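Asks: Following this message is one structure expressed as structure tokens.
The values are calculated or read from the model by the stated rules, or taken from the named source; none is laboratory data. These numbers were taken from a predicted model, which means no experiment stands behind them. Every residue, glycine among them, receives a Cβ derived from its backbone with ideal geometry; neighbour counts consider all protein chains shown.
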Protein chains: 2
Amino acid sequence: MKSEHIPKATIGRLAVYIQVLENLKHDGVEIISSEALAQACSVNSSQIRKDLAYFGEFGVRGVGYYVQELITSIKQSLGIDRIWNCALVGVGNLGRALLRHREFSRKGFAIKVAFDCDPYKIGELVEGLEVICTRKTKEKIREYGLEIGIITTPPERAQRAANYLVDGGIKGIINYAPSRIQVPDHIPVEYVDFFHHLYAVAFQIKLNEK
Amino acid sequence: MKSEHIPKATIGRLAVYIQVLENLKHDGVEIISSEALAQACSVNSSQIRKDLAYFGEFGVRGVGYYVQELITSIKQSLGIDRIWNCALVGVGNLGRALLRHREFSRKGFAIKVAFDCDPYKIGELVEGLEVICTRKTKEKIREYGLEIGIITTPPERAQRAANYLVDGGIKGIINYAPSRIQVPDHIPVEYVDFFHHLYAVAFQIKLNEK
């Protein structure tokens, strides 16, 4: 296992591989060739072989990959073979959409507590979760063993949300707010920015029209 | 201008640079050093210099970058210095969150029409837009000059949504549905997948705990 050295670009593609592999499993496929898997994932087959090599010796020459074995091994290596308890901070439109997004819990990321600082929202039930005052972050992180914080506040409140999460002992953060946050070095932060996808499509259309 | 050859990773970072530069402009900053810009963007300064070099000769030695000039030039190069008319297909929770997300129109991506195939949703007003039957995609793409399609359907309906958009003459697609779609080669497709960010954070936490 060389999982410590997995490059970030590989981790990005693994999300696609897992999605495609789980759809294949759902359809009853047990074995798939690297070419067919590559095509289904929209990458080339040498890339997929290189990426999967980080997880050990997979694939049987002339046969292909065992779908279930591959899913299990990727999940173990990434640490997503278990449930991660998550906190969501900011119950606006995006926060509500994420709370309603069944894929989160399906993929092992269980949003256990939703925080907001708006007194009109505190106490409201959203998808069965009571909205909790952001000041109680520390208390709730301990009570529920929350590990990952998901920030969906407006941009100007993202740093304050991050401060509450860090003070409370959160281990990692996903920031959907369109602003950068400062946290101690040992806390991993990932930014979700939809717009580079829009930029990339707009740019490609522009090149196509030349 | 070498914009045809801009690597995809650079385009990904440009979204961050633009966000940070626009915040700086908003705060009244006119000139910024490459070191300060790099720090605000959470990248190293040689990376930022390399990325920005695709857009021409920027930065004045010993002075820094002119914020407004840089914003204008990046936007021109990417083709995001104008309004792109967008269609959204699938008015579920995520679709509604995107329709309410003011950043889209602020960044030049104006969602002009929202489609759904559910008869109970057709005719409903969401953020001032009337939900239109998906069968009318072709007609509306022409009527509104729609160029980019945003798919927010459940995964099993994404391909059908893509077919409608392609038949209607759409120029590019952003797919938020967790499934791959097949479209003609000349139509750029970008997939928005939140989960690789969650995987990356979970993986980093796992490494930290070793």
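Asks: Test each condition in (1) surrounded by 20 or more Cβ atoms within 10 Å (Cβ to Cβ); (2) within 16 Å of A:Gly95 (Cβ to Cβ); (3) more than 7 Å from chain B (Cβ to nearest Cβ) for A:Ile141 and report the one that comes out false.
Replies: Among (1) surrounded by 20 or more Cβ atoms within 10 Å (Cβ to Cβ); (2) within 16 Å of A:Gly95 (Cβ to Cβ); (3) more than 7 Å from chain B (Cβ to nearest Cβ), the lone unmet condition for A:Ile141 is (2).
Asks: Determine which member of the set A:Arg157, A:Arg106, A:Arg142, A:Arg102 is of a type outside the set (A, V, I, L, M, F, W, C) and under 30 Å from B:Leu24 (Cα atoms).
Replies: A:Arg157
Asks: Let me ask something else. Out of the residues in region A:176-189 that are buried (at least 19 other Cβ atoms within 10 Å of the Cβ) and at the interface with another protein chain (Cβ under 7 Å from one of its Cβ atoms), state the one that is modelled with the highest pLDDT.
Replies: A:Pro188
Asks: Moving on to the next point. Looking only at region A:155-170, decide whether some residue is at the interface with another protein chain (Cβ under 7 Å from one of its Cβ atoms) and either at pLDDT 90 or above or within 18 Å of the chain's Cα centre (by Cα) (or both).
Replies: Taking every residue of region A:155-170 in turn, none turns out to be at the interface with another protein chain (Cβ under 7 Å from one of its Cβ atoms) and either at pLDDT 90 or above or within 18 Å of the chain's Cα centre (by Cα) (or both).
Asks: Between B:Ile205, B:Ile173, which is surrounded by 20 or more Cβ atoms within 10 Å (Cβ to Cβ), β-branched (Val, Ile, Thr) and within 14 Å of chain A (Cβ to nearest Cβ)?
Replies: Values: B:Ile205 fails: surrounded by 20 or more Cβ atoms within 10 Å (Cβ to Cβ).
Testing whether each residue is surrounded by 20 or more Cβ atoms within 10 Å (Cβ to Cβ), β-branched (Val, Ile, Thr) and within 14 Å of chain A (Cβ to nearest Cβ) leaves just B:Ile173.
Asks: Does at least one position in region B:108-124 carry a residue that is modelled with pLDDT under 90 and in contact with a helix residue (DSSP H, G or I) (Cβ under 6 Å, 6 or more places away or on another chain)?
Replies: No, the conditions are met nowhere in region B:108-124.
Asks: Further question on the same structure: Considering only region B:97-107, I want to know if a residue exists there that is of a type outside the set (Gly, Ala, Ser) and closer than 30 Å to B:Glu57 by Cβ.
Replies: Yes, region B:97-107 contains a residue that is of a type outside the set (Gly, Ala, Ser) and closer than 30 Å to B:Glu57 by Cβ.
Asks: Please find, among A:Ile150, A:Ile141, A:Ile132, the residue that is closer than 20 Å to A:Val183 by Cβ, in a strand (DSSP E or B) and not acidic (Asp, Glu).
Replies: Exactly one residue qualifies, and that residue is A:Ile150.
Asks: Within region A:190-202, take every residue that is aromatic (Phe, Trp, Tyr) and at the interface with chain B (Cβ under 7 Å from one of its Cβ atoms) and give me the one that is nearest to the chain's Cα centre (by Cα).
Replies: A:Phe194
Asks: Here is a list: B:Arg102, B:Arg61, B:Arg96, B:Arg106. Which entry is closer than 30 Å to A:Arg96 by Cα, of a type in the set (Lys, Arg) and over 15 Å from the mean Cα position of the chain (by Cα)?
Replies: Result of the check over B:Arg102, B:Arg61, B:Arg96, B:Arg106: B:Arg96.
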